[in-house]
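Here the structure comes first, spelled out in structure tokens, and everything after it is commentary.
The values are calculated or read from the model by the stated rules, or taken from the named source; none is laboratory data. A quick note: this is a predicted structure, and the numbers were derived from the prediction, not measured. Quick reminder, even Gly has a Cβ in these numbers, built from the backbone with ideal geometry, and neighbours come from all protein chains shown. Surface accessibility is based on the protein's heavy atoms, side chains included, excluding ligands, DNA and RNA. Shrake-Rupley method; radii C 1.70, N 1.55, O 1.52, S 1.80 Å.
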Amino acid sequence: MERKDFETWLDNISVTFLSLTDLQKNETLDHLISLSGAVQLRHLSNNLETLLKRDFLKLLPLELSFYLLKWLDPQTLLTCCLVSKQWNKVISACTEVWQTACKNLGWQIDDSVQDALHWKKVYLKAILRMKQLEDHEAFETSSLIGHSARVYALYYKDGLLCTGSDDLSAKLWDVSTGQCVYGIQTHTCAAVKFDEQKLVTGSFDNTVACWEWSSGARTQHFRGHTGAVFSVDYNDELDILVSGSADFTVKVWALSAGTCLNTLTGHTEWVTKVVLQKCKVKSLLHSPGDYILLSADKYEIKIWPIGREINCKCLKTLSVSEDRSICLQPRLHFDGRYIVCSSALGLYQWDFASYDILRVIKTPEIANLALLGFGEIFALLFDNRYLYIMDLRTESLISRWPLPEYRKSKRGSSFLAGEASWLNGLDGHNDTGLVFATSMPDHSIHLVLWKEHG
């Protein structure tokens, strides 16, 4: 048949085919298929696959596309981005998808930022950091060398690390450079805390002292304890300093005057930790904004009110065993809402509003983990061999880092956590700086630091 005649015949057949019912069309196609040879059937097979495919992501309204995408996991979404430019454009424009993906990784989200491409980039950065944690490659180590005797006391704040030693000195280090900023002569330090102007030290000589960084002069001396002072805390707004001692007491001092305002009794073991913190929740015993004092020994945590009324009585005593068969680890976390402490039974978290135990986190695969830091998403823990990161949402250990043979301390003063904001969720910027520091037998300070993003 000539081409012209064929085209005329095809037009006529097409008009007739379109006038048929669906059933008649199907019968017609069945008949034509039965008349077709191998070449025609192969041609039909190749073209049907393409004809039956529909790019639903391109055809659907954008809102429906976003709804469907929310059901896919992030790794699948990244694969889908490779299908076509159109798919990549649609998937990369879905803000909620990438924000949710970041949240699921434990990342902090600023909902005011609605740039979807920004959150996709944040996710890609987050997945890299989480992979580094999983592969135990997120950290690096460094050392600070300068003391000539045992380092018993450490305190970290805003990129600066203070160390107190048996060599009768305290040093202030810039962690980022490893340089010593200040070095002053002191007494033997069992505890240290500092700010921009001053250093407060608790000592094995049973006293507390306040020193001026710029001159090295001792500006105040607090005498009254009959045992070593293992922990100190202070608040300039209240003009109060508190100290915990081996004499089983907690003393409250006037920070500027140096006079003892009160001696709190009730502990029957060394007081190894005192924390002065503003309360953030309401209960029958306290209101938001009230200052609270926590003191801890080997078996108990005591809660005291601190404010205008100095002569205070213990509000509550917390413990994990009534018969004192279980010891508390010498670390304590209190953020104004929750109290967290570790023991041989696991991590205990108390609600500060009710004093009820919210949960006990157990790690059966690793016993006797000690607490370093506790947040909304992550906890930092350690034992004699490793530093661990726990995802508190699943209560599983997601990373570990080997530790050298550091100097052990029953009081928990010779090791500490560094930057803590990442424990409430990583954000791509807070995973920098110091993670952990501990004193070493050779009198140096071993540092574990976040490795820079690859």
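Worth pointing out:
- Debye log10 I(q)/I(0) at q = 0.19 Å⁻¹ for segment 22-101, Cα point scatterers: -0.79
- Carbon and sulfur %, accessible surface of the chain computed with the full protein complex present, 1.4 Å: 53
- Charge sum, other residues only, whose C-beta stays under 12 Å from Ala126's C-beta, Lys/Arg counted +1 and Asp/Glu -1: +4
- Over every Cα atom in segment 51-135, the radius of gyration and the widest Cα-Cα span, Dmax, amount to 13.7, 47 Å.
- With 10 Å bins from 0: P(r) over segment 164-318, alpha-carbon pairs, percent: 11, 40, 33, 15, 2
- Relative contact order (%) - criterion: Cα under 8 Å, at least six apart; region: segment 223-330: 18
- With R₀ fixed at 30 Å, the C-beta to C-beta distance from Gln40 to Ser84 puts the FRET efficiency at about 0.45.
- FRET efficiency, Leu64 to Leu117 (Cβ-Cβ, R0 22 Å, nearest 0.05): 0.55
- Of the DSSP H helices in the chain, not one has a Cα length along its own long axis of 27 Å or more together with a mean Kyte-Doolittle hydropathy reaching 0.0.
- Label zone at Thr268, where the point sits 7 Å out along the Cα-to-Cβ direction: segment 324-347 residues whose backbone N lies under 17 Å: 324-328
- The alpha carbon centroids of segment 171-192 and segment 336-359 are separated by 33 Å.
- Simple Cβ-charge dipole of segment 51-135, Lys/Arg +1 and Asp/Glu -1, about Cα centre, in debye nearest 20: 360
- As a length-normalised measure over Cα pairs under 8 Å and 6 or more apart, the relative contact order of segment 280-330 settles at 30 percent.
- The alpha carbon radius of gyration of the chain, expressed as a multiple of 2.2 N^0.38 Å, is 1.47.
- Prolate/oblate/rounded label for segment 329-454 (Cα gyration tensor, a/c 1.5): oblate
- Virtual paramagnetic centre 7 Å along Cα→Cβ of Ala217, amide N under 17 Å, in segment 237-256: 256
- Kirkwood hydrodynamic radius of segment 46-201, from inverse mean 1/r over distinct Cα pairs, in Å: 20.3
- For the chain, calculated [θ]222 nm from helices alone, where every DSSP H run of n ≥ 4 adds -39500 (n - 2.57): -7000 deg cm²/dmol
- Dipole magnitude of segment 1-94 about its Cα centre (Cβ charges: Lys, Arg +1; Asp, Glu -1), debye to nearest 20: 500
- Residue-count net charge about Cys260 - beta-carbon cut-off 10 Å; Lys, Arg +1, Asp, Glu -1: +2
- Of Lys25/Lys53; Lys120/Lys451; Lys125/Lys157; Lys125/Lys282, pairs whose Cα-Cα distance is over 31 Å: Lys125/Lys282
- In this structure segment 51-135 gives 63 Å² per residue of accessible area when probed at 1.4 Å with all protein chains present.
- Length-normalised contact order for the chain - Cα pairs under 8 Å, 6+ apart - percent: 11
- All alpha carbon pair distances within segment 101-173 were sorted into 10 Å bins beginning at 0; the resulting P(r) in whole percents reads 15, 28, 19, 22, 13, 2.
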